[in-house]
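A short write-up of the structure that comes next.
Every number in this text was worked out from the coordinates using simple rules, so none of it is lab data. Just so we're clear, the structure is a prediction, and the values are computed from it rather than from any experiment. Counting neighbours? That spans all protein chains shown, and the Cβs are built from the backbone with ideal geometry, glycine included.
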Amino acid sequence: MSEDEKIAKARVGGGSTLSRIWLVPILAALIGLWMTYAHWSSQGPLIEIAFVSGEGIEAGKTKVRRKNVDIGEVLDLTLSEDTENVVLSVRIHKDAESLLHDDSKFWVVRPRIGRGGISGLNTLLSGAYIALSPGTSGEMAFDFEGLEVPPVTPIGTPGLHVTLDTQANRSLSEGDPVLFRGTEVGKIEFVHSNISERRTYFNAFIASPYDQLITTNTRFWFSSGVSANLSADGIRIEMTSLSAVVSGGVSFDVPQGQEAGERIAERAFFTIYPRESAIHEQQYEHTLTYVILLEDSIRGLRPGAPVEYRGVKVGQVIRTDTNYDEVENLLEPGSRIPVLIELVPARLGYDDSENALSEAHDRVIELVANGLHAGLSPGNILTGRKFVEFQYREPSPGEVQRFAGHTVIPSIEGRLGQLMSSAADVLDTIRRLPLQELAGSANNTLDQITSTLAAFEDTSIELEEILAHPDREDLVGSLNSALVSFQQLAVGFSEGSATNQELQQSLRSLDRSLRELEPVLRNLRRSPNSLIFGGSDNDDVEPQKDRSEGKRE
């Protein structure tokens, strides 16, 4: 075959449809996808945090920190649908995703001045940031409600939570210290007011290891930070921590003389006493209510004032207002002011049980029939405070009265009023004595005696000579007149006379007044400062039942 024929029969094959030049954009696209995936996979989750205000927060600048380490950044700020909150879009780093628990807390760190001190000063130069406190819940979350103030106790801190409540007219705030013998061992975390119960509850946290001190016999009381004690040795002032002085707080301990009790391992309820001395008073559950209708002024009588019998507290005053349907017009001459009191049967010697209430009430009714009365007594002259004191007087005739559904205990004039009345009776008796007439009669008699003696002195005549000479009958008449005056004066003061009876009555009234003053004087000798500072703060003496009742001799 010739060469020309070979050329004419050359092979024809299929050529390549894809040029190698396209490998470059394809490779670039793959690299871009890989970089996009790498960037997306390296990013942490996007979360939303709602705050009341966006003050100090800037998109692209404000960081999210945990223990001063950046773990995220604010990307955007928008208003919520109801425009009441500011919603932050925050990108959290991938390695911090494990911190986003359902109970995690976020708050804005900015300069703050509060009762707990000054915080956030480092943000004056660097700007505000968002702090994160991780929770302990096992569930993850991506939507959160931000806190307006930092949490008092970080989540997960070992310790014990307790709930406190009180009936005293004092309050606590979040962040107030919880003290044990002057050492701060916890804080008040949350304050909740229950409108339906009209009570306020305080959630407190006691840090470990002091949570082991919370037992069944633990008592809490309001701490003022400063305590003063006036005694024979002088005035002693004690001060706890400065934060307790500024903000108060609450203290706890086991009352002296009691066992520690069993340890509390989970949340429990405790009552806050108004002061430390009150923790020694035993609390009772069952009480009886009565009404006292007083004619005296109740100025100085306050709810919570003690009801006493011979110095022993048996109850307290509940109400001193006049908001009763039975009270129509206090300006009427015979109107009386109602005072509602409660008696504690356990302080009278009965059991603190429901069954003992009827027995104690029946006995009180019997005592009222036998002359039990109630009156006001001054407790502290310096403050003008008063208390209710039980006394026995002549039994009141008639049946026991009722007022506003309560049994009425008859009232008498208070101790101070009784003393003033006695003193007024003595002065009135002395005022009614015919002192001017007696003084005038005595002066006339003395004038006659003086003139008679002067006549004897001038004439120097002996008695026999006077009797022997009738011309001296004028001197004898003067002497007789003087003796008659003496006789009249003696008859005026003799036993059974009106003057003598009035003097005897005055002396008896004076003696009775002095007898009533005797307990006050005895108390002043025993405790001179009681006239100003009231009675002693010693523990109340509580009457007990006769345990030997029913035993064989």
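Using a Förster radius of 22 Å, what is the FRET efficiency between GLU354 and THR271 based on their Cβ-Cβ separation? Nearest 0.05, please. It would help to have the intermediate numbers written out before the result.
On the way: r = 21 Å, r/R0 = 0.95.
Computed FRET efficiency for GLU354 and THR271 comes out at 0.60.
Computed extension gain for GLU55 through GLN505, at 0.36 nm per residue and net of the alpha carbon distance, reaches 153.4 nm. Going from the residue with the fewest nearby Cβ atoms within 10 Å to the one with the most, VAL24, VAL408 rank VAL24, VAL408. Residue by residue, region 94-107 carries 3J(HN,Hα) couplings of 4, 6, 9, 4, 5, 8, 8, 8, 4, 9, 5, 10, 10, 8 Hz when phi is fed to the Karplus relation 6.51 cos²θ - 1.76 cosθ + 1.60 (θ = phi - 60°); x denotes Gly or Pro. Note that region 176-188 has calculated 3J(HN,Hα) couplings of 5, x, 10, 10, 10, 6, x, 9, 6, 10, x, 8, 7 Hz, one per residue in order, obtained from phi through the Karplus relation 6.51 cos²θ - 1.76 cosθ + 1.60 (θ = phi - 60°); glycine and proline are x. Residues within the reach of a label modelled at LEU382 (point 7 angstrom out along Cα to beta-carbon, backbone nitrogen below 20 Å), restricted to region 298-327, are 300-302, 305-306. In order along region 351-363, the phi-based Karplus estimate (6.51 cos²θ - 1.76 cosθ + 1.60, θ = phi - 60°) of 3J(HN,Hα) comes to 6, 8, 9, 5, 5, 7, 5, 5, 5, 5, 5, 4, 5 Hz; Gly and Pro are listed as x. Under a 5 Å amide H cut-off, with hydrogens placed 1.01 Å from N, ILE318 pairs with GLY304, LEU340, ILE341, GLU342 among residues at least 5 apart or on other chains.
Under a 5 Å amide H cut-off, with hydrogens placed 1.01 Å from N, GLU308 pairs with VAL314, VAL388, GLU389, PHE390 among residues at least 5 apart or on other chains.
In this structure, LEU33 and THR163 have a Cβ-Cβ separation that, at R0 = 51 Å, corresponds to a calculated FRET efficiency of about 0.30. For a paramagnetic label modelled at 7 Å from the Cα of ARG110 toward its Cβ, which residues of region 136-153 fall within the zone defined by backbone nitrogen distances under 18 Å? Hits in region 136-153 for ARG110 at 18 Å: 145-151.
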